[in-house]
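Pasting a structure below so you can have a look.
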Amino acid sequence: MRDKLLMAYRSIRERRTRSILTVLGIAVGIAAIVSLMSVGYGMEEAITGELTGMADMISVMPGKITGHAYVELGSFTDRDVNDLQRIGGIKDITAMTYDAAEVEYRNKRAPIFVLGGDTKELGGFYVEPVGIKEGRWLRENDFKGCVIGDRVANDFFDEVIHVNDKLIINDEKFIVVGIFEKASTLYASDVDPHIFLTLHASKEALQNDEIKYIMVRVYNIDKAEEIAEEIVERINDNHGLDDFAFAMTMGSAIEMMGDVFKIIRGVLVGIAAIALVVASIGIMNTMLMSVMERTHEIGVMKAIGAKSRDVLTLFLLESSMVSLVGGVVGCVLGVVAAKVISLVAGTAIGIEFSAVVKPEVLLGGMAVAMVVGVLSGFYPARKASRMSPVEAVRYE
Amino acid sequence: MIRTENLTKVYRMGDAEVYALHDVNLDIQEGEFIAIIGPSGSGKSTLLNMIGCLDTPTSGAVFIDGIDTGKLSENKLAEIRREKIGFIFQQFNLVHTLNALENVALPMFFAGVKRETRLKRAEELLANVGLGDRIYHKPSEMSGGQQQRVAIARALSNDPEVVIGDEPTGNVDTETGNTIIDILEGLNKEGRTVVVVTHDAEIAARVGRTKRMRDGRVLD
Ligand SMILES: Nc1ncnc2c1ncn2[C@@H]1O[C@H](COP(=O)(O)OP(=O)(O)OP(=O)(O)O)[C@@H](O)[C@H]1O
Ligand SMILES: [Mg+2]
């Protein structure tokens, strides 16, 4: 057996160019499968992962969504917040003030929305998922400190804002103590264009303490819808209106996106199927060609006394080795390609995500390389080994 | 040693039937050196392929050592080609990715001979045909005559009783041709049965018996 392996290896090495081409042919096919699948999984995971991380959240706003626009109808009261605290199943509640303010930085002015709230609770909602790039998060006694979103720091003024820079918000002076990372898509609208203050400071700066936004976290995601309904009911009761409050669970947001997932899945399966077919045809083609052009050699081997089985063993070993190497190279190329594609595509469409390389995709790729490679090497070898030696020798 | 009985090979070309061999009855004795001559297309190669077990007849039979080869399995036929017969082609038909040594060792490889043993024997065989200094050359790095000598060494690797050559001198110059005939003559002297097809009258004159073919038939 060692002898045969050696012989097969010799034969591969001696036809270096041909072998490299065959390996590449297989590798490209496998790389296509691996990279496309990994990019697809990466996209899917980027979206689902983020949503499930937020699935226990309910946003409550004093207004309603008509069509695509949000119409504010007023503000919540402390009583609303206290009432919500009495609803079972709620983990925490954050009440926020929220209003536009005139902000000045190095003699340039811009209108920016300011968000104020309990620092611990607010931090719990945003700091962990988004992350602080520079400085730190707010403390309870940061009456003159503020934390700003990425766009506030980089886009809103001519000059980039750094930690310890001074901002004037509605004539009150503040020092920037922290700057958020650029938030991913789902948090971007909540964090990037905002300035965050402590509740106390925001009351001062905005000259009001109206609660414009309440975020609720529940213990049991399955109960989220129920709790959201109860929240709306209580607040509506308090204000004596039918549709004063609007509450949206992340679950329903995810549900709204359900169709999107179906499409993504469908596209993913489609891509995989196409990649599989393309890869298989490519592998078959290179393998068939490389074995078929050796029909003459097979004839010679048979003429000098090789049995069909001997020839088949030899060619099977050869195509297994070539397929194996092709598969491994293909997996490596595929992973590299997936990383590059996700980077490029990520920046192009503005969603950051990284390719997810699943072991089953790699194994699947190897399996395709081996099965398709070996079978399409086996088929012409068997055909040639079944010809009479004369016929095969004459074949050119 | 080798006997054919009403050996017939018919090729069908569309509606036409070509009798490449037509009821050939030939008896080749053990230890004989026989040359087959005849015009192109008379069926010489077809006949050699049949007695070399490289092809199967349309009808009739080939007996080797009294065994009807038509009744043997594919594997048995491969064994006969490997052990009993050494075949030399006009086109050499070496495996071009292997060097001279490995080409000569190839039939032993298929016979399951140990690596060291077969390489050693292959080296001896190459030395016997005067190629002791060319054992690591690839076919592409050798002249036609040298390639043909490698092919002869390969034909001898499993020590066959019969050596068959289909115009073994057809693609080499006269001088090399003579060397090759010398080698074949030597093999015959060792007791092997040698069958060659040739166009060369000089070769034909040197062998024990010549048979002339025409239109698929062996003439008396
Ligand atoms: N595979 C084939 N298909 C069809 N006809 C064939 C085939 N092989 C041989 N023939 C025909 O059989 C006849 C005998 O061919 P063969 O090769 O035995 O001749 P030959 O005596 O060896 O000729 P040459 O001296 O040119 O080698 C020829 O007419 C040839 O055309
Ligand atoms: Mg011929």
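The values are calculated or read from the model by the stated rules, or taken from the named source; none is laboratory data. Model, not experiment: these values are computed from the prediction. Cβ sites come from the backbone with ideal geometry, for glycine too, and all protein chains shown count toward neighbours. Remember, those area values only see protein heavy atoms, side chains included, never the ligands or the DNA or RNA. Shrake-Rupley method; radii C 1.70, N 1.55, O 1.52, S 1.80 Å.
Checking B:ILE164 against (1) more than 16 Å from ligand 1 (Cβ to nearest atom); (2) in contact with a Leu (Cβ under 9 Å, 6 or more places away or on another chain); (3) β-branched (Val, Ile, Thr), which single condition isn't satisfied?
The failed condition is (1).
Taking strands (runs of 3 or more DSSP E) that do not extend beyond region A:81-135, which have at least 2 residues that are of a type in the set (S, T, N, Q)?
Here the list reads A:90-105.
Of the residues that sit in region A:302-361 and are of a type in the set (D, E, K, R) and away from every other protein chain (no Cβ under 14 Å), which one is farthest from A:PRO389 (Cα to Cα)? Give the derivation first.
Within region A:302-361, the first condition is being of a type in the set (D, E, K, R), and the residues that meet it are A:302, A:307, A:309-310, A:318, A:339, A:352, A:358, A:360.
Next, from what is left, pick out any that are away from every other protein chain (no Cβ under 14 Å): A:339, A:352, A:358, A:360.
Details: A:LYS339: 50, A:GLU352: 61, A:LYS358: 47, A:GLU360: 44 Å.
Of everything passing the filter in region A:302-361, A:GLU352 is farthest from A:PRO389 (Cα to Cα).
Counting only residues that are assigned to a helix (DSSP H, G or I) and within 16 Å of ligand 2 (Cβ to nearest atom), which one in region B:178-220 is nearest to B:ALA35 (Cα to Cα)?
B:ALA204
Residue-by-condition table, conditions (1) under 30 Å from B:GLY165 (Cα atoms); (2) in a helix (DSSP H, G or I); (3) at pLDDT 90 or above; (4) in the same structural domain as A:TYR187 (by TED's automatic domain parsing):
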position: A:VAL267; (1), (2), (3), (4): no, yes, no, no
position: A:VAL278; (1), (2), (3), (4): no, yes, no, no
position: A:ILE298; (1), (2), (3), (4): yes, yes, yes, no
position: A:GLY327; (1), (2), (3), (4): no, yes, yes, no
position: A:CYS331; (1), (2), (3), (4): no, yes, yes, no
position: A:ALA348; (1), (2), (3), (4): no, yes, no, no
position: A:VAL357; (1), (2), (3), (4): no, no, no, no
position: A:MET366; (1), (2), (3), (4): no, yes, yes, no
position: A:GLY373; (1), (2), (3), (4): no, yes, no, no
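Examine region B:69-90 for a residue that is within 16 Å of ligand 2 (Cβ to nearest atom), among the aliphatic types (A, V, I, L, M) and at negative phi, and state whether such a residue exists. Break it down stepwise before answering.
Let us first name the residues in region B:69-90 that are within 16 Å of ligand 2 (Cβ to nearest atom), namely B:87-90.
Next, only the ones that are among the aliphatic types (A, V, I, L, M) stay: B:88.
Next cut, at negative phi only: B:88.
The answer is yes, given that some residue of region B:69-90 is within 16 Å of ligand 2 (Cβ to nearest atom), among the aliphatic types (A, V, I, L, M) and at negative phi.
Starting from residues that are aliphatic (A, V, I, L, M) and without any contact (Cβ under 8 Å) to a residue 12 or more places away in the chain, keep the ones in region A:302-321 and report whichever is most open to solvent (accessible area, probe 1.4 Å). Quick ask: steps written out before the conclusion?
So the first thing to find is which residues in region A:302-321 are aliphatic (A, V, I, L, M), and the list is A:303-304, A:306, A:311-312, A:314, A:316-317, A:321.
Pick out the ones that are also without any contact (Cβ under 8 Å) to a residue 12 or more places away in the chain and you get A:304, A:306.
Values: A:ILE304: 16, A:ALA306: 0 Å².
Among residues in region A:302-321 that are aliphatic (A, V, I, L, M) and without any contact (Cβ under 8 Å) to a residue 12 or more places away in the chain, the one most open to solvent (accessible area, probe 1.4 Å) is A:ILE304.
Collect the residues in region B:121-138 that are surrounded by fewer than 20 Cβ atoms within 10 Å (Cβ to Cβ) and within 19 Å of B:GLY86 (Cα to Cα), keeping them in residue-number order.
Of everything in region B:121-138, those that are surrounded by fewer than 20 Cβ atoms within 10 Å (Cβ to Cβ) and within 19 Å of B:GLY86 (Cα to Cα) turn out to be B:ARG121, B:GLU123, B:GLU124, B:ALA127, B:ASN128, B:GLY130.
Inside region B:6-58, can you point out the residues that are polar (S, T, N, Q) and in contact with an Asp or Glu (Cβ under 8 Å, 6 or more places away or on another chain)?
If the condition is that a residue be polar (S, T, N, Q) and in contact with an Asp or Glu (Cβ under 8 Å, 6 or more places away or on another chain), then B:ASN6, B:THR8, B:ASN25, B:SER42, B:SER45, B:THR46, B:ASN49 are the ones that fit.
While we're here: Find all pairs meeting these conditions: Cβ atoms under 8 angstrom apart; at least six residues apart or on different chains; first residue within region B:4-30 and within 14 Å of chain A (Cβ to nearest Cβ); second residue among the small types (Gly, Ala, Ser) and within 16 Å of ligand 2 (Cβ to nearest atom).
Cβ pairs passing all conditions: B:LYS9/B:ALA20; B:LYS9/B:GLY43; B:LYS9/B:GLY216; B:TYR11/B:ALA20; B:ALA20/B:GLY43; B:ALA20/B:GLY216; B:LEU21/B:GLY43; B:LEU21/B:GLY216.
Identify, please: which residue in region A:24-47 is of a type in the set (Val, Ile, Thr) and crowded, with 24+ Cβ neighbours inside 10 Å and is, among those, nearest to the other protein chains (Cβ to nearest Cβ)? Spell out the reasoning first.
Quick first cut of region A:24-47, residues of a type in the set (Val, Ile, Thr) only: A:26, A:28, A:30, A:33-34, A:39, A:47.
Filter again for crowded, with 24+ Cβ neighbours inside 10 Å, leaving A:26, A:30, A:33-34, A:39.
Numbers: A:ILE26: 20, A:ILE30: 26, A:ILE33: 32, A:VAL34: 32, A:VAL39: 40 Å.
Only one residue fits best here, namely A:ILE26.
Output yes when any residue across region A:76-91 is open to solvent by less than 50 Å² (accessible area, probe 1.4 Å) and within 29 Å of the chain's Cα centre (by Cα), and no when none is. Outline the logic, then answer.
Our first condition is that a residue be open to solvent by less than 50 Å² (accessible area, probe 1.4 Å); within region A:76-91, this holds for A:76, A:80-81, A:83-84, A:87, A:89-90.
Now restrict to residues that are within 29 Å of the chain's Cα centre (by Cα): none.
No; the residues of region A:76-91 include none that is open to solvent by less than 50 Å² (accessible area, probe 1.4 Å) and within 29 Å of the chain's Cα centre (by Cα).
Can you find a residue that is more than 16 Å from ligand 2 (Cβ to nearest atom), in contact with a helix residue (DSSP H, G or I) (Cβ under 6 Å, 6 or more places away or on another chain) and among the β-branched types (Val, Ile, Thr) anywhere in region B:3-26?
No: region B:3-26 contains no residue that is more than 16 Å from ligand 2 (Cβ to nearest atom), in contact with a helix residue (DSSP H, G or I) (Cβ under 6 Å, 6 or more places away or on another chain) and among the β-branched types (Val, Ile, Thr).
Name the residue that is least open to solvent (accessible area, probe 1.4 Å), counting only residues in region B:66-113 that are part of a strand (DSSP E or B), more than 9 Å from chain A (Cβ to nearest Cβ) and of a type outside the set (Asp, Glu).
In this case the residue turns out to be B:ILE88.
Can you find, within region B:31-46, the residue that is most open to solvent (accessible area, probe 1.4 Å) among those that are more than 14 Å from every other protein chain (Cβ to nearest Cβ) and within 8 Å of ligand 1 (Cβ to nearest atom)?
Going through the qualifying residues, I end up with B:SER40.
To continue, here is another question. Right, A:ASP142: in a loop (DSSP other than H, G, I, E, B) and either among the hydrophobic types (A, V, I, L, M, F, W, C) or open to solvent by less than 50 Å² (accessible area, probe 1.4 Å) (or both) or not?
Yes.
Something else: Out of all the residues in region B:179-201, which are surrounded by fewer than 16 Cβ atoms within 10 Å (Cβ to Cβ) and either free of Cβ contacts under 8 Å to residues at least 24 places away in the same chain or hydrophobic (A, V, I, L, M, F, W, C) (or both)?
Correct list: B:ASP182, B:GLY186, B:LYS189, B:GLU190, B:ALA201.
Any residue in region A:98-107 that is of a type in the set (S, T, N, Q), outside the structural domain of A:VAL260 (by TED's automatic domain parsing) and either touching a Cys at 6+ places or on another chain (Cβ under 9 Å) or open to solvent by 60 Å² or more (accessible area, probe 1.4 Å) (or both)? Walk me through how you get there before you give the answer.
Let us first name the residues in region A:98-107 that are of a type in the set (S, T, N, Q), namely A:107.
From what's left, outside the structural domain of A:VAL260 (by TED's automatic domain parsing): A:107.
If we keep only those that are either touching a Cys at 6+ places or on another chain (Cβ under 9 Å) or open to solvent by 60 Å² or more (accessible area, probe 1.4 Å) (or both) too, we end up with A:107.
Taking every residue of region A:98-107 in turn, at least one turns out to be of a type in the set (S, T, N, Q), outside the structural domain of A:VAL260 (by TED's automatic domain parsing) and either touching a Cys at 6+ places or on another chain (Cβ under 9 Å) or open to solvent by 60 Å² or more (accessible area, probe 1.4 Å) (or both).
I'd like the full set of residues that are under 14 Å from the mean Cα position of the chain (by Cα) and away from ligand 1 (no atom under 16 Å from the Cβ), limited to region B:71-94.
B:ILE80, B:ARG81, B:ARG82, B:GLU83, B:LYS84, B:ILE85, B:GLY86, B:LEU94
While we're on this one: Identify the single condition in (1) within 17 Å of B:VAL194 (Cβ to Cβ); (2) within 12 Å of ligand 1 (Cβ to nearest atom) that B:THR58 does not satisfy, given that it satisfies every other one.
Of the numbered conditions (1) within 17 Å of B:VAL194 (Cβ to Cβ); (2) within 12 Å of ligand 1 (Cβ to nearest atom), the odd one out for B:THR58 is (1).
Also: Restricting attention to region B:50-65, report how many residues are open to solvent by 20 Å² or more (accessible area, probe 1.4 Å) and at the interface with chain A (Cβ under 9 Å from one of its Cβ atoms).
The initial filter retains those residues of region B:50-65 that are open to solvent by 20 Å² or more (accessible area, probe 1.4 Å), namely B:55-60, B:63, B:65.
Going one step further and asking which of them are at the interface with chain A (Cβ under 9 Å from one of its Cβ atoms), we end up with B:55-56.
So the count comes out to 2.
Just checking, how many residues over region B:202-220 are of a type in the set (A, V, I, L, M), farther than 16 Å from B:ASP27 by Cα and open to solvent by 40 Å² or more (accessible area, probe 1.4 Å)?
Looking only at that region, the number is 1.
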